[in-house]
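The values are calculated or read from the model by the stated rules, or taken from the named source; none is laboratory data. Remember, it's a predicted structure, so these values are computed and weren't measured experimentally. Glycine gets a Cβ as well: all are built from the backbone with ideal geometry, and neighbour counts include every protein chain shown.
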Amino acid sequence: MAMKTPPLIHPLDKHLRLDRVPTMYCPGCGIGIALGAMFRALDRRFNEGLLDPNRIVWVGGIGCSARATLYVNYDAAHVLHGRAIPFALGVILANPNLQVIVIGGDGDIAGIGGNHLIHAAKRNIDMIVVMITNFVYAMTGGQVAPTTPVGVKTTTTPYGNPEPPINVVKVVTSLNANYVARASVTTPHYIESFFYKALGMKGFRFIEIVSTCPEVYGRHIGLRDPVDMYNELKKRVKYKQKPSIEESDISWDTGIVIGEFLERNNPSYLELLTGVRGK
Amino acid sequence: MRKTFAPGNVAIAEGAITAGLKFYAGYPITPSSEIMEYLAERLPRLGGVVIQMEDEIASINAIIGASWAGAKSMTATSGPGFSLMAEAIGLAVITETPIVVVNVMRAGPSTGVPTKTSQSDVLQARWLAHGDYIVPCYAPWSVQEAYDLTIKAFNTAELLRTPVVILSDAVIAHLWEPLVIRDEKEVTIINRKVPKEGEKALPYKPDPDLIPPMPIFGRGFKAIAESLTHDERGYYAPRDDSYRALVLRLHMKIFKRLDQVFDYESYYCGEDCDYMLLSYGSVARIAYLAMLELRKRGHRVCMLRLKTLWPLDEEKLVKSCSARRIIVLENNMGKIYMDAERIFRDREVYPAPLLSLELPSLRDVLEVINTWL
Amino acid sequence: MVFNLSALEEPYALISREHGKFRVCIIVNRCKECGLCIAVCPTKVLVKSSVINAYGYHPPEPANIEKCIGCRLCEYNCPDFAIFVERVG
């Protein structure tokens, strides 16, 4: 089982379990871009001396995005489909000195784990949830997801998806979260700056990252080439300073607004529990 | 040590506190709710956390997370909630996470009779999740034993890095009896093995006792809690050798310590008896009375009471008693009976299914036994 | 070209080129040939190379390295941690 330790070559290599690289992600998958941007944000926090790499725990459920927990060179948990958030809640409440990062896809976090997402946001529990939206269940082969737009043909909606998608940003902002932002893999610098900001905050922080899935979703919508899909997404993404919640609906026709939808400093669950703040 | 008067649910909560409980997540369900209510008041004063989750799935996943962060953790529920916990029991097994799950049994199937007792979850506790594994399972018959077995459950969980189930029932839960609560120093408390600080640990590389030291989150181990079939590094390993090594070890680590896990009590089994009553949990209380009554009437009857419902030490059970006829008394359609039939295969084993929503009366039990005498 | 075929058997083979200010490096065996780096480069530094890596993909090469402005868009948009830009001197 002894492996030669691979040399650090890429500037982000220290964040990766290099013996597991290359990842199993398909060519052009946006998850790697998102992960890289998050690593750069972590680096900035480490350099500031405000964050200890040994105190970071990554938690993922099941799915392509959750599988990022297999590649990060940190304490990590790859748990049950949809249950990353309650697992992470246990971790942070048992040891409040940790910084817990939940990563997962829209199916994992808003589909099967939707109830946990709602209650974690309602509690303003101290964790960062990064939801990577690729509009499809990719790992299982391309079934309809909670975020799939109306009309898209998937393997389980061969006549077109009859259901309107869930706007997860709207759901989470309606609750007690402290930070809600959306970025896109076509704007890695925004992923980095939103994640960087989230790392410095308390309470429930939610970042949606709109991603490309050329291999599975790309096939469904006729954008099989990674570059085509990337460019088509890029065309539709619009950054806005302080966008309103009303603008948050994701639409392939009218565009996808990214930005920081909510930022506030409500007392977090841990702060209320330990009596640091509140009554 | 202090003496008090308490119901079984409180005894379980107190046992958990003595064992070192630091994190409890649960969801209200009759007849287990008092465990959470009692802990919600007591545990925060002792530096622990109690949280009411959105459902039982969240509860058990939260305690698995808390255990990986280093806290002894527990949840309690009843039939419907226990069913919801199925998948996560498997997660605790494969990630080798010490947790204690209390199932205060009530009558089912489905919503059943929430306020009434049953022993029908005996096999559910054993094989709740999919896959190959063993989950130790304890069943107390009194308030004091609810306390003692809870401590034992935590010790087994910590020693063997495994989930452990406590099968109480609605009778034990709400039955008030004298209870001796011991100080931490008066009982043996086992804590999990943890790798030395700074040591780069393979999270699933076992020691000679087949138990890998547990790399707790936040101490620089770069630990992996992996739900996929994994090798010693915690890396996904969809290969026969890794799969067999993992599943076999998950079994063997528990069988190897059957002496620690398995426990029972026998009454007059040393005598030359014609009949043995086999029972457990609340029904064993009446079985015991029935045995005394039958002995008074001149029958040569002994009794064996299981404290551990799974895994069973079959050798010990066979040697425990020489009675040719065994009557299995339980409040279900005959579940441990199936084990008894197999274990005592050269003897006559009779089922005595009670299906009683209340603790059966002595008369009911004697009536059932009489059909076989 | 900085690399040769024998370097391919080396798991950490690099394609790297530099001009006075920047060096662009490609970790050959991490590339999956998605083409994003080539597409996002504003000055068209990168082209697909004729090299075939251990997984059968053609990694890019910085053929027009003299045009590199060090914006790192290729590095930021690579999903596989396969390309990075270093400042030289």
From the options B:Gly218, B:Gly198, residue that is surrounded by 21 or more Cβ atoms within 10 Å (Cβ to Cβ) and on the phi > 0 side of the Ramachandran plot: B:Gly218
If a residue must be at positive phi and buried (at least 19 other Cβ atoms within 10 Å of the Cβ), how many such residues does segment A:1-54 contain? 1
In segment B:15-42, the residues that are surrounded by fewer than 21 Cβ atoms within 10 Å (Cβ to Cβ), touching a residue at least 24 places away in the same chain (Cβ under 8 Å) and within 14 Å of chain A (Cβ to nearest Cβ): B:Gly20
Name every residue in segment B:195-228 that is touching a residue at least 24 places away in the same chain (Cβ under 8 Å) and under 25 Å from the mean Cα position of the chain (by Cα), in order of residue number. B:Tyr204, B:Pro206, B:Asp209, B:Leu210, B:Ile211, B:Pro212, B:Met214, B:Ile216, B:Ala225, B:Glu226, B:Ser227
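Table: residues versus (1) at the interface with chain B (Cβ under 7 Å from one of its Cβ atoms); (2) over 27 Å from C:Phe81 (Cα atoms); (3) not acidic (Asp, Glu).
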site	(1), (2), (3)
A:Thr69	no, no, yes
A:Val72	no, no, yes
A:Arg83	yes, yes, yes
A:Val91	yes, yes, yes
A:Pro96	no, yes, yes
A:Gly104	no, no, yes
A:Ala110	no, yes, yes
A:Gly113	no, yes, yes
A:Ala120	no, yes, yes
Working carefully through the options A:Arg55, A:Arg44, find the one that is within 8 Å of chain B (Cβ to nearest Cβ) and not hydrophobic (A, V, I, L, M, F, W, C). A:Arg55
Members of segment B:61-84 that are in contact with a Ser or Thr (Cβ under 7 Å, 6 or more places away or on another chain) and either surrounded by fewer than 24 Cβ atoms within 10 Å (Cβ to Cβ) or without any contact (Cβ under 8 Å) to a residue 24 or more places away in the chain (or both): B:Pro80
Identify, from the list A:Thr212, A:Thr173, the residue that is at pLDDT 95 or above, surrounded by fewer than 22 Cβ atoms within 10 Å (Cβ to Cβ) and either touching a Ser or Thr at 6+ places or on another chain (Cβ under 8 Å) or of a type in the set (Ser, Thr, Tyr) (or both). A:Thr173
List pairs: first in segment B:301-324 and closer than 25 Å to B:Ile254 by Cα and at pLDDT 95 or above, second basic (Lys, Arg) and surrounded by fewer than 17 Cβ atoms within 10 Å (Cβ to Cβ), Cβ under 9 Å, 6+ apart or cross-chain? B:Glu314/B:Arg342
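Table: residues versus (1) closer than 17 Å to A:Asn176 by Cα; (2) of a type in the set (S, T, N, Q); (3) buried (at least 24 other Cβ atoms within 10 Å of the Cβ).
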| site | (1), (2), (3) |
| --- | --- |
| A:Arg67 | no, no, no |
| A:Ile103 | no, no, yes |
| A:Gly114 | yes, no, no |
| A:Lys122 | yes, no, no |
Those residues of segment A:3-35 which are within 8 Å of chain C (Cβ to nearest Cβ) and over 23 Å from A:Val210 (Cα atoms), in sequence order: A:Pro6, A:Pro7, A:Ile9, A:His10, A:Pro11, A:Asp13, A:Val21
Filter segment B:167-216 for residues that are farther than 30 Å from B:Glu358 by Cβ and outside any loop (DSSP other than H, G, I, E, B) and give the result. B:Glu184, B:Lys185, B:Glu186
Only one of these is in contact (Cβ under 8 Å) with a residue 60 or more places away in the chain and within 27 Å of A:Phe87 (Cβ to Cβ): A:Ala34, A:Ala66. Name it. A:Ala34
Check whether at least one residue in segment A:35-53 is in contact with a Cys (Cβ under 9 Å, 6 or more places away or on another chain) and either more than 23 Å from A:Asn167 (Cα to Cα) or basic (Lys, Arg) (or both), and report yes or no. yes
Within segment C:53-77, the residues that are polar (S, T, N, Q) and in a loop (DSSP other than H, G, I, E, B) are C:Asn53, C:Asn64
For segment A:144-166, how many residues are under 19 Å from the mean Cα position of the chain (by Cα) and more than 26 Å from C:Pro79 (Cα to Cα)? 2
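Okay, residues lined up against (1) under 22 Å from A:Met38 (Cβ atoms); (2) modelled with pLDDT of 95 or more; (3) crowded, with 21+ Cβ neighbours inside 10 Å; (4) in contact with a strand residue (DSSP E or B) (Cβ under 6 Å, 6 or more places away or on another chain):
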residue: C:Met1; (1), (2), (3), (4): no, no, no, no
residue: C:Asn4; (1), (2), (3), (4): no, no, no, no
residue: C:Glu9; (1), (2), (3), (4): no, no, no, no
residue: C:Tyr12; (1), (2), (3), (4): no, no, no, no
residue: C:Ile26; (1), (2), (3), (4): no, yes, yes, yes
residue: C:Tyr55; (1), (2), (3), (4): no, no, no, no
residue: C:Ile69; (1), (2), (3), (4): no, yes, no, no
residue: C:Phe81; (1), (2), (3), (4): yes, yes, yes, no
Top-ranked residue of segment B:48-68 - restricted to ones that are in a loop (DSSP other than H, G, I, E, B) and closer than 15 Å to A:Leu273 by Cβ, ranked as nearest to the other protein chains (Cβ to nearest Cβ): B:Met53
